Amino acid sequence: MSEYARRAAADEWLLDGDERGRVRTFVREADRDRYRVAHVVLRRLLGAYLARDPEAVELMREACPGCGGAHGRPAVAGAPLHFSLSHSGDFALFAFADTPVGIDVESEPSAAVAAEVANMLHPAERAELAALPLAARPAAFARCWARKEAYLKGIGIGLAEDPSITYVGAGPDAGVLTGWSLADVSVAPGYAAACALRTA
């Protein structure tokens, strides 16, 4: 167990009942540790930004923009601060803003997984991937998927939107999205990350 995992286990009392329940649903200890670490850190950061005790931060879900159900963007009840959390492997990324924001980090998949899932992407993204040498496709796919998830988390619909609808780009430059800024985030080799911020 890492030092982060030990500290988060000792601070699990900061989590609300839903978060503690979610910790128990993970079969693998490593997955429990990663979730616990990410959510304890999230609560500590939200508490610091909002000048509240971390355990007093009340998390909720906004209405889904697609169906109106209570499974949209996570939010702090009654606070103007927006946030997003993503983790992949041992990486966790957080984004905080005064406007809706989405962040995502992805590990590079195998070439076989990248080829299979690429069929779900926007036609222009599929073409961009197909134009690359085989060895470059997993990194480009991870970059594209991180951009896509960051944007879809930012708007609050997540993967309820078909990944083939919105173009975010698989190339070096992110696609242009009306009312949003989309940028890649530098992370360790073998990972890709992106952040989407509403600008209008």
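Quick notes on this one:
- Test: Gly102 is touching a strand residue (DSSP E or B) at 6+ places or on another chain (Cβ under 9 Å), over 26 Å from Ser186 (Cβ atoms), open to solvent by less than 30 Å² (accessible area, probe 1.4 Å) and in contact (Cβ under 8 Å) with a residue 40 or more places away in the chain: no
- The conditions of being touching a His at 6+ places or on another chain (Cβ under 8 Å), open to solvent by 20 Å² or more (accessible area, probe 1.4 Å), under 22 Å from Leu93 (Cβ atoms) and not aliphatic (A, V, I, L, M) are not met by Arg28.
- Residue within the range 37-45 that is of a type outside the set (S, T, N, Q), surrounded by fewer than 19 Cβ atoms within 10 Å (Cβ to Cβ), part of a helix (DSSP H, G or I) and without any contact (Cβ under 8 Å) to a residue 40 or more places away in the chain present: yes
- Only residues that are open to solvent by 30 Å² or more (accessible area, probe 1.4 Å) and either within 19 Å of Leu81 (Cα to Cα) or among the charged types (D, E, K, R) (or both) were counted in the range 171-199, giving 8.
- Candidates Ala97, Ala30 - the one that is at pLDDT 95 or above, of a type in the set (Gly, Ala, Ser) and closer than 30 Å to Pro189 by Cβ: Ala97
- Filter result (free of Cβ contacts under 8 Å to residues at least 60 places away in the same chain, closer than 18 Å to Ile157 by Cα and open to solvent by 20 Å² or more (accessible area, probe 1.4 Å)) within the range 70-86: Ala70, His71, Pro74, His82, Leu85
- Residue in the range 128-150 that is touching a residue at least 40 places away in the same chain (Cβ under 8 Å), surrounded by fewer than 18 Cβ atoms within 10 Å (Cβ to Cβ) and among the charged types (D, E, K, R) present: no
The values are calculated or read from the model by the stated rules, or taken from the named source; none is laboratory data. Because the structure is a prediction, the values reported are computed rather than measured. All Cβ positions, glycine included, derive from the backbone under ideal geometry; neighbour counts span all protein chains shown. Accessible surface areas use protein heavy atoms only, side chains included; no ligands, DNA or RNA. Shrake-Rupley method; radii C 1.70, N 1.55, O 1.52, S 1.80 Å.
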